Amino acid sequence: FNCFSTYPPFIFCWVQDSSLLPTTMVKFGERLSQNRAPEYPPEAYMDYDKLKEIIRDLGKKKLASVDQTTREVSLTAPPPTNAAGRQFTSSDSPTTEEDFYSCIDAQLVKVEKFTLEKVTELRNQISSLEREVAALNDAATVANAAGGTSSQHRPDEAVFDRIRNQADSVAKSFLTLEKYVNLNFMGFHKILKKHDKNSPAHACKQFYINRMHNQAWVRGDYSDVVVRLSSVYSALRNDQSAE
């Protein structure tokens, strides 16, 4: 399980996955779509395209020109202005920076919730495997105490195969989750960089990057999943070697 043993988990090992390495041919939105896990719903991933659309709308705001044809002004009803305090033109977008902030906040919450749900599922599955392995050990202990040999009382090979296959499934699920976390983490970095490039007066990348690093889905320590799963494999190997 050396391929799992990265700390902090997830975020410093994504470059090991060649499918996530930057390319000059494929835009990130396309790469995100191509690398989604088929067992995960698409809506579990960050909505990169929606955030990009908001950034595009923010870029449509233009400086209004002076209307030289108007003959009236109002002292009680000033004309509507954009986020920069300038009068709206017909080409202005009603989208504001607050729309971007609200959207990315919601996306961060969604990804964190999904990650923690999946980690909980993995831990529950490992707990089930540990109980099965413990039951095998208890049966072998009782058999030895009764004077029998471990080979006479050990479970059928099919039992070991079933538990091993379940452990393999948990290991695969962990790697799938690892890829999910890294893909979203990279996506947030890229969309924030794009936002700051297009809206330098409202730069927010550093704020959100710091915030992400304080969220459980990024800074959480999930090494117990690897350690416990390794113990299950070790126990299965020991039982089989005793045959």
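Below is a table of values for the structure above.
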item	result
Failed criterion for D156 (all others in (1) more than 13 Å from the chain's Cα centre (by Cα); (2) free of Cβ contacts under 8 Å to residues at least 40 places away in the same chain; (3) open to solvent by less than 60 Å² (accessible area, probe 1.4 Å) hold)	(3)
Selection count where residues are open to solvent by less than 80 Å² (accessible area, probe 1.4 Å), over 15 Å from K179 (Cα atoms) and either under 14 Å from the mean Cα position of the chain (by Cα) or modelled with pLDDT under 90 (or both), scope segment 29-55	3
Selection within segment 193-238 - modelled with pLDDT of 90 or more and among the polar types (S, T, N, Q)	N198, S199, Q206, N210, N214, Q215, S230, S231, S234
Conditions (1) buried (at least 20 other Cβ atoms within 10 Å of the Cβ); (2) among the aliphatic types (A, V, I, L, M); (3) at pLDDT 95 or above: number failed by I163	(3)
Subset of segment 185-243 (residues that are part of a loop (DSSP other than H, G, I, E, B), farther than 30 Å from V159 by Cα and either open to solvent by 70 Å² or more (accessible area, probe 1.4 Å) or among the hydrophobic types (A, V, I, L, M, F, W, C) (or both))	A203, C204, N214, D221
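The values are calculated or read from the model by the stated rules, or taken from the named source; none is laboratory data. In this text the structure is predicted, and so the values were computed from the model without any measurement. Glycine also receives a Cβ, built like all others from the backbone with ideal geometry; neighbour counts cover every protein chain displayed. Ligands, DNA and RNA are excluded from the accessible area calculation, which covers all protein heavy atoms including side chains. Shrake-Rupley method; radii C 1.70, N 1.55, O 1.52, S 1.80 Å.
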